[in-house]
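The values are calculated or read from the model by the stated rules, or taken from the named source; none is laboratory data. Since we're looking at a predicted model, the values are computed, not measured. Here the Cβ positions follow ideal geometry from the backbone for every residue, glycine too, while neighbour counts run over all protein chains shown. Accessible surface is based on the protein model in full, side chains and every heavy atom, while ligands, DNA and RNA are left aside. Shrake-Rupley method; radii C 1.70, N 1.55, O 1.52, S 1.80 Å.
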Amino acid sequence: MASMMLGTAAVAATSATAGTAATAGLFGVGGAFSAMQALGTVGMLAGLGGTAMSMKSQNDMAEVQADYSEKVGAFNAASTKDQYRKLMSTQKANYGASGVQLDDGGTPSDVLAETMVDMEMDAMQVYYGGQAKGTAYKNQAKANSTASLFNGLAQAGSGVHSLLR
């Protein structure tokens, strides 16, 4: 029984000494960070700042691309409508030159009506294509931002882990 108590006391003394040594090694002599640990902390914080700046830059670029894509889609839709209006004017002029009356309805009017429907459908397709492309850029920016955030957190965790070794 006495030897068992002596063994327990030795283990407790060894644990206390090891804990004190680990604490001294972690915080340096006198409890202060060593210069290497301080530089490691500064480097980790700088890395996080760089990650944040990269996230902002990626988001800003994606917003510019999205805005541009939406504007290009709107411009191309307007251009498509202009092309169809010219086509309809040419159709009307050709019908008038051949003596066909457009007021009566019938085939010439149907052709113009179909041309107008085609114009609207094509213009909408071009416009919404630009909108969809803009939305894709915005979604990609969100995905990149999330990935950058998790990468930054992983770097920070790695930095903290290396400081605590």
**Message:** Of everything in region 100-110, what is open to solvent by 50 Å² or more (accessible area, probe 1.4 Å) and part of a helix (DSSP H, G or I)? Give them in sequence order.
**Reply:** 107, 110
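Given the condition of a type in the set (S, T, N, Q), at pLDDT 65 or above, farther than 30 Å from residue 132 by Cα and open to solvent by 60 Å² or more (accessible area, probe 1.4 Å), answer yes or no: does some residue in region 79-93 qualify?
Kept after step one, since they are of a type in the set (S, T, N, Q), are these residues of region 79-93: 79-80, 83, 89-91.
Going one step further and asking which of them are at pLDDT 65 or above, we end up with 79-80, 83, 89-91.
Filter once more, so that each one left must be farther than 30 Å from residue 132 by Cα: 89-91.
So of that shortlist, the ones also open to solvent by 60 Å² or more (accessible area, probe 1.4 Å) come out as 89-90.
Yes, that holds for at least one residue.
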**Message:** I'm told residue 97 meets every condition in (1) modelled with pLDDT of 60 or more; (2) open to solvent by less than 80 Å² (accessible area, probe 1.4 Å); (3) among the small types (Gly, Ala, Ser) except one. Can you identify the failing condition by its number?
**Reply:** (2)
**Subset of region 41-71 that is in contact with a Phe, Trp or Tyr (Cβ under 8 Å, 6 or more places away or on another chain) and small (Gly, Ala, Ser) - its residue that is modelled with the lowest pLDDT** = 62
**Prompt:** Are there any pairs, at least 6 apart or on different chains, whose C-beta atoms fall under 7 Å, with the first in region 114-135 and open to solvent by less than 70 Å² (accessible area, probe 1.4 Å) and the second in a helix (DSSP H, G or I) and aliphatic (A, V, I, L, M), and if so, which?
**Reply:** 115/87; 115/88; 123/77; 126/77; 130/72; 130/74; 134/66
